[in-house]
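Below: one structure, written as structure tokens.
The values are calculated or read from the model by the stated rules, or taken from the named source; none is laboratory data. These numbers were taken from a predicted model, which means no experiment stands behind them. Quick reminder, even Gly has a Cβ in these numbers, built from the backbone with ideal geometry, and neighbours come from all protein chains shown. Quick note on the areas: whole protein, heavy atoms, side chains included, nothing else; ligands and nucleic acids left out. Shrake-Rupley method; radii C 1.70, N 1.55, O 1.52, S 1.80 Å.
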Amino acid sequence: MAIGNLKDVESGEITYGLEDLEEPLMNGKVVSCSSGEETDGEGEDSSNGSIGMVLLSTAVAVCGSFEFGSCVGYSAPVQSAISEDLNLSLPEYSMFGSILTIGAMLGAVTSGRTADFIGRKGEAFSLDIGRLFTGYGIGVFSYVVPIFIAEIAPKNLRGGLTTLNQLMIVVGASTAFLLGSVITWRSLALTGILPCICLLLGLFIVPESPRWLAKVGREKEFQVALQKLRGNGTDISREAVEIQVNLEALRALPKARMVDLFQPKYIRSMIIGVALMVFQQFGGINGIGFYASETFAAAGPSLAKIGTIAYACIQVPITVAGAMLIDKSGRRPLIMVSATGTFIGCSMAGASFFLKASPSVQSPLFFFFLTFPLLHNCS
């Protein structure tokens, strides 16, 4: 059956779980863990229980996000050291840096069905292989971590907790940038083990996603996991029923096919959505981010560390500001501002390289090389 038959959802007849789309990413609600006051929405009883296990589970999950950022930021500050120690040419190091994205692509494509099946917890050549597998891992993280957090969090905390995923990716990248400026590339690689250890140990403590357990028919474990997340003294009956009803409603929907996306009424929306994702990747952020140190060094050897540290320090506050503004300013205005900044940053950074050969414009290069990659990063 085609997507066009889903009139019950589109007309609002089935709304279980869809009201979450209207919730802001970060809200100002105060959560009380002890009072008996009722709250709106899903699991109104459960929101008054203990959120300690939810926060612990989220902390464990975002170790994956931190590792994601660490892997993305690893190649930027260590390019010259690795190239010198292993005698890599520029094309060989470019392969090392970019092969991460190939692994991430494979991981992201296969992670959906894998997560549904097993649950949510679940020399230069050697360097490239390690980077490829690391990329596969962060591709899986990119799908599983936000899904896991959204499925374990009570409704009134869901937006804020899922925002931590993107924040910790940026924190991980910034940490790799900063550490890579002061320690060797081998030591930096070893630091990536720490969040993995925390994640592996934490998975023995935190419960599985209750929604996934209910989805696969493990009713008893579903009740135990939900009770553990909400606290022993919390009545979870209402939330448990809502999860079950939501899953039944989803099972009742006709299964969509890939070809349904190409129906005339969906073409415009699909083109806009896909184009935004494609052009975001072609905007150059990976090229600048993966090789930031050498990009700044092109304006002068002394600028490599200064530029890399500045690049790292600016990412976290910009991410926090974006999360706070997205509901107040709207999505479209922020996309327009981001696209404008990215365009200016890319254009001027490219112009700096183009003009570098001219002796008459050597003096402004510091400004161009340092300022516009940072502007691109902010965008």
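Could you check how many residues of segment 228-237 are under 31 Å from the mean Cα position of the chain (by Cα) and either open to solvent by 50 Å² or more (accessible area, probe 1.4 Å) or farther than 15 Å from Ala153 by Cα (or both)?
Matching residues across segment 228-237 total 1.
Within segment 188-207, which residues are open to solvent by 30 Å² or more (accessible area, probe 1.4 Å) and not aromatic (Phe, Trp, Tyr)?
Once the filter is applied, which keeps residues that are open to solvent by 30 Å² or more (accessible area, probe 1.4 Å) and not aromatic (Phe, Trp, Tyr), segment 188-207 yields Ala189, Leu190, Thr191, Ile193, Leu194, Cys196, Ile197, Cys198, Leu200, Leu201, Leu203, Ile205.
Picking from Ala304, Ala323, Ala298, Ala249, which residue would you name as being modelled with pLDDT under 80, under 29 Å from Trp212 (Cβ atoms), of a type in the set (Gly, Ala, Ser) and surrounded by 15 or more Cβ atoms within 10 Å (Cβ to Cβ)?
None of the others qualify; the one that does is Ala323.
Residues that are over 22 Å from Leu55 (Cβ atoms): list the helices (runs of 4 or more DSSP H) wholly contained in segment 137-246 that include at least 3 such residues.
155-180, 185-191
Any residue at all in segment 140-157 that's touching a Lys or Arg at 6+ places or on another chain (Cβ under 6 Å), more than 29 Å from Leu127 (Cβ to Cβ), acidic (Asp, Glu) and surrounded by 18 or more Cβ atoms within 10 Å (Cβ to Cβ)?
yes
If you go through segment 260-285 one residue at a time, how many are outside any helix (DSSP H, G or I) and open to solvent by 60 Å² or more (accessible area, probe 1.4 Å)?
Of the residues in that region, 1 qualify.
Only one of (1) under 23 Å from Leu88 (Cα atoms); (2) among the acidic types (Asp, Glu); (3) modelled with pLDDT of 85 or more is not met by Glu208, so which one is it?
The failed condition is (1).
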